Amino acid sequence: MALLQISEPGLGAAPHQHRLAAGIDLGTTNSLVATVRNGIVEALCDDSGEYILPSVVRYRENAPPQVGEQALAAASEDPLNTIASVKRLMGRGIEDIKHLGTRLPYQFVAGDSQMPRIHTVAGDVSPVEISAEILKTLKRRAESTLGGELTGVVITVPAYFDDAQRQATKDAATVAGLKVMRLLNEPTAAALAYGLDQSAEGIHAIYDLGGGTFDISILRMQKGVFEVLSTGGDSALGGDDFDRALAEWVMAQAGINDDAEHNQLRHVMAIARRAKEKLTAADSAKIELDASFGVAWQGEITRKQFNQLVAALVSRTLVACRRAMRDAHISADEIKEVVMVGGSTRVPLVREKVGEFFALAPLTTIDPDKVVSMGAAQQADILVGNQPADDALLLDVIPLSLGLETMGELVEKVVPRNTTIPVARAQDFTTFKDGQTAMTIHVLQGERELVSDCRSLARFTLRGIPPKAAGGAKIRVTFQVDADGLLTVSAKELTTGVESCVEVKPSYGLESSEIESMLRDSMSHAKEDLEARRLREAQVEARRLVESVDVALSADAKLLSDQERKTIEKALSALKSVMNEDDHSAIQQSSAVLQKVTADFAARRMDASIKQALAGHQVDDL
Amino acid sequence: MNDLPHTDNYFELLQLPVQYAIDKSRLSSAYRELQRVVHPDRFVNASAHERCLAQQKATLVNDAYRILRDDLSRAQHLLQLNQVECQPHTLSDPEFLMAQMQLREELEMIAASKDLDQLGALFSHVQQQQQACKDRLQAIFSAKDGFQPACDEVTKLQFLNKLYEEAESLEERLT
């Protein structure tokens with residue numbers, strides 16, 4: 001496919017081709033995709049000019065699922081097959097869903113894994129697959145607009161998402177055939193969208209109230225580095241709760257019980273949402289229930305009444321703001337700007353209370369619906385390599401503490417919340433019984449002290465501990481969190497070196513085999529099969545490797561002896577000669593060889609660049 | 001608890017003088033400069049090995065920054081570098097321990113009385129004591145004739161930090 005080549009202004013002739021990248025805001029209520037074109041960030045619209053894709057998927061018998069506006073329109077008539085707000089179900093088990101505080105109309109069925117599935121006319125589907133449908137729609141939109149395949153995407157998640165929810169989001173992208181370069185926290189994305197062009201040095205608060213989640217982040221922007229100081233929020237609080245509060249009021253007024261038919265409840269929710277939106281500009285809103293959904297009723301609500309209904313919800317967000325400031329060790333008067341993100345920040349009471357709390361007029365110049373996807377697009381453009389290397393850098397944190405279960409069902413924190421990632425921490429434990437040969441490691445996430453109050457992420461057993469007296473064996477458990485905020489845990493017995501390692505697949509996550517089979521299913525209609533995909537992935541990885549070794553050789557050959565350079569060049573040309581063939585195992589083998597002979601070179605280059613970075617720094621000091 | 005087995009000298013990594021007194025703005029700018037070159041975001045399109053290397057280095061740099069930024073862990077790091085082993089739970093300063101008990105009682109009284117002014121006074125009292133500890137650490141480390149006395153100050157600072165945290169969570173509950 002022909003690609004339209006556009007180079008960034010100010011960049012001149014790009015050293016490599018412009019890669020296509022996009023930022024995706026996968027929201028509870030709405031989703032968007034944005035990209036950087038000609039140096040300008042823009043949200044992409046569909047054929048009918050709409051930017052916003054309602055995050056609603058409707059499954060049909062013998063027909064592909066509908067996504068977005070069409071699905072939303074069918075929600076009232078076909079509630080069981082039309083799934084909205086699936087983000088709330090991501091990374092959740094059936095027990096969690098019961099505690100969501102929402103009555104969901106869907107029929108849940110337990111699957112093979114612990115992940116719940118929803119029964120529809122098109123079969124049982126998991127939240128990951130439902131989200132993947134939304135992502136596929138956005139992928140198609142981006143690729144048809146940009147006229148080529150996306151190299152990679154950045155997908156945003158609420159800062160407050162735990163490990164299971166992040167992993168589920170990444171799995172959904174894999175199922176949709178997208179390469180995720182980074183999961184980016186939504187408030188950080190918003191800060192990027194605002195911060196870069198306004199060269200805003202100082203401390204900023206990002207208040208993000210979306211349809212289903214609330215996030216607050218405190219960031220420091222200094223010389224192009226965005227450092228997240230703290231983040232907090234509530235993963236089950238959002239504009240939907242405002243609608244629900246108003247819907248409950250309407251139901252009480254109209255004499256509707258909460259065990260009414262699903263489609264009637266949906267109708268009331270939809271009416272409540274419309275009234276809420278109207279109250280953004282108007283002092284009162286008329287409410288009219290349609291008789292065809294059960295009860296005919298007419299009434300009116302004033303903004304003042306509405307404010308009373310949602311005041312407690314708004315206060316909950318401010319409690320989280322206070323905690324985030326405490327974690328960042330700053331006071332409200334140090335905050336230079338407050339950025340408002342998410343459609344729910346249009347509610348006047350929210351703006352008023354947030355303004356009072358920070359004693360600042362909140363920033364609302366970028367469309368709160370688009371701002372997250374725009375920041376994500378910017379980060380995607382940087383990560384894919386379309387922008388000069390010394391542009392913005394993001395230093396993010398983990399939102400919730402990670403810990404281990406210890407005696408008495410208590411949680412011992414290993415990595416406290418708001419620690420900058422990537423991070424690795426180790427903790428040593430001893431055996432507590434004579435002759436103990438195995439130890440179960442239970443990994444938890446959350447701030448509370450009791451195991452039952454935290455979220456269980458994974459449980460695994462280290463076996464083969466040498467039998468000794470209690471306290472005789474020493475087990476070191478290491479937590480590693482990567483730049484996406486995803487966790488790997490390993491355990492090692494120190495006297496023997498017996499090791500056990502798990503990539504923390506959340507208890508409610510998918511097995512890799514399940515992802516693969518979903519991927520296969522989703523491609524059964526496409527031209528390429530899994531084999532072709534493997535080949536292409538091997539080729540992409542090989543090209544990437546060749547490119548990076550080429551760059552390394554031309555920049556830093558001086559770090560190598562002649563012999564070393566010859567060895568590398570030989571492996572390099574070997575890979576170049578096979579990488580365009582269709583033998584994926586030959587490509588992988590040659591890649592592995594090149595990888596191996598350049599490992600030491602890469603380490604030397606890294607050390608040299610560290611020295612150089614600080615040398616420049618010292619000169620600046622003088 | 002949080003130390004990976006390593007012999008890294010974090011001062012050297014960030015090219016700062018190996019001493020207790022620290023220039024925090026220089027520390028944070030050195031940190032930013034290093035992350036600019038080692039952060040995994042700089043290696044998204046690099047080979048798998050380089051990505052892994054970047055993750056390790058960025059982890060190390062984050063750790064160095066965290067340890068050096070904090071007045072307590074920086075002292076602990078200096079003791080480690082000088083191979084000074086502190087014996088746990090051997091603080092023999094009855095006066096200090098008595099003062100700690102009094103402060104704790106005071107905190108409990110405030111929890112009952114919900115007197116925020118009193119809590120504010122407690123905060124500044126603890127802060128003063130923390131500062132005194134840090135000043136003594138500074139004196140011990142710059143005198144360079146035996147770092148063993150720093151162990152006591154480290155233990156005291158741990159006490160005080162814990163108390164401060166408890167006072168903070170009380171404040172959170174009360175406001």
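The values are calculated or read from the model by the stated rules, or taken from the named source; none is laboratory data. This one's a predicted model, so the numbers in the text were calculated from it and none came from an experiment. All Cβ positions, glycine included, derive from the backbone under ideal geometry; neighbour counts span all protein chains shown. Keep in mind that these areas ignore ligands, DNA and RNA; they rest on the heavy atoms of the full protein, side chains included. Shrake-Rupley method; radii C 1.70, N 1.55, O 1.52, S 1.80 Å.
Miscellaneous remarks
- For A:LYS413, the lysines whose Cα comes closer than 17 Å to its Cα, not counting residues fewer than 8 places off in the same chain, are B:LYS162.
- Mean projection of the Cα convex hull over all viewing directions, computed for region A:225-338: 9.3 nm².
- Accessible area of A:GLU581 in the full protein assembly, 1.4 Å probe (Å², nearest 10): 100 Å²
- Under the simplified labelling scheme, the B:GLN148-A:HIS262 pair shows an inter-label distance of 7.5 nm, with each label point 7 Å from Cα along Cα→Cβ.
- Expected 222 nm ellipticity per residue - DSSP helices of 4 or more, -39500 (n - 2.57), all of chain A, to 500: -12500 deg cm²/dmol
- Region B:94-174: translational diffusion in µm²/s, Stokes-Einstein, Kirkwood Rh over Cα pairs, 20 °C, 1.002 mPa s: 158 µm²/s
- Across chain B, Cα-Cα pairs more than 27 Å apart make up 42 percent of the total.
- Intensity falloff of region B:10-69 expressed as log10 I(q)/I(0), Debye formula with alpha-carbon point scatterers, at q = 0.14, 0.20, 0.25, 0.30 Å⁻¹: -0.40, -0.70, -0.94, -1.21
- Among B:ALA54, B:ALA75, B:ALA121, the residue with the largest mean-square fluctuation in a Gaussian network model of chain B, with springs joining Cα atoms closer than 10 Å, is B:ALA121.
- Principal-axis tilt of helix B:71-81 within chain B, Cα atoms, nearest 10 degrees: 60 degrees
- For region B:94-174, the relative contact order is 34 percent, taking Cα pairs closer than 8 Å that sit 6 or more residues apart in sequence and dividing their mean separation by the residue count.
- Applying 0.36 nm per residue to the separation of A:ALA599 and A:THR280 and subtracting their alpha-carbon distance, the gain on full extension is 109.0 nm.
- Inter-label distance for B:THR90 and A:SER577, nm, one decimal - labels placed 7 Å from Cα along Cα-to-Cβ: 6.7 nm
- Pairs beyond 31 Å (Cα-Cα), from A:LYS370/A:LYS576; A:LYS223/B:LYS57; A:LYS136/A:LYS304; A:LYS286/A:LYS353: A:LYS370/A:LYS576; A:LYS136/A:LYS304
- Taking each residue as 0.36 nm, the span from A:ARG565 to A:THR495 lengthens on full extension beyond its C-alpha to C-alpha distance by 21.2 nm.
- Structural size metrics of region A:539-605, computed from C-alpha coordinates, are Rg and Dmax of 11.5, 35 Å.
- Accessible area of A:SER577 in the full protein assembly, 1.4 Å probe (Å², nearest 10): 80 Å²
- Annotation note: GluC sites (Glu not before Pro) in region B:54-161 located in DSSP loop regions with a Cβ neighbour count of at most 15 within 10 Å are B:GLU85.
- Backbone amide hydrogens, once placed in the peptide plane, bring A:ARG417 within less than 5 Å of A:SER401, A:LEU402, excluding anything fewer than 5 places away on its chain.
- 14 Å Cα-Cα reach of B:LYS134 towards aspartates and glutamates, excluding residues that sit fewer than 8 places from it in its own chain: B:ASP70, B:ASP71, B:ASP152, B:GLU153
- Span-like helix ranges in chain A, DSSP H, alpha carbon extent 15 angstrom or more, Kyte mean at least 0.5: A:371-383
- Residues of type lysines that A:LYS468 reaches as a straight line, Cα spacing below 20 Å, ignoring anything fewer than 8 places off in the same chain: A:LYS433, A:LYS492
- Solvent-free Debye scattering, log10 I(q)/I(0), computed from the Cα coordinates of chain A at q = 0.08, 0.11, 0.12 Å⁻¹: -0.65, -1.23, -1.43
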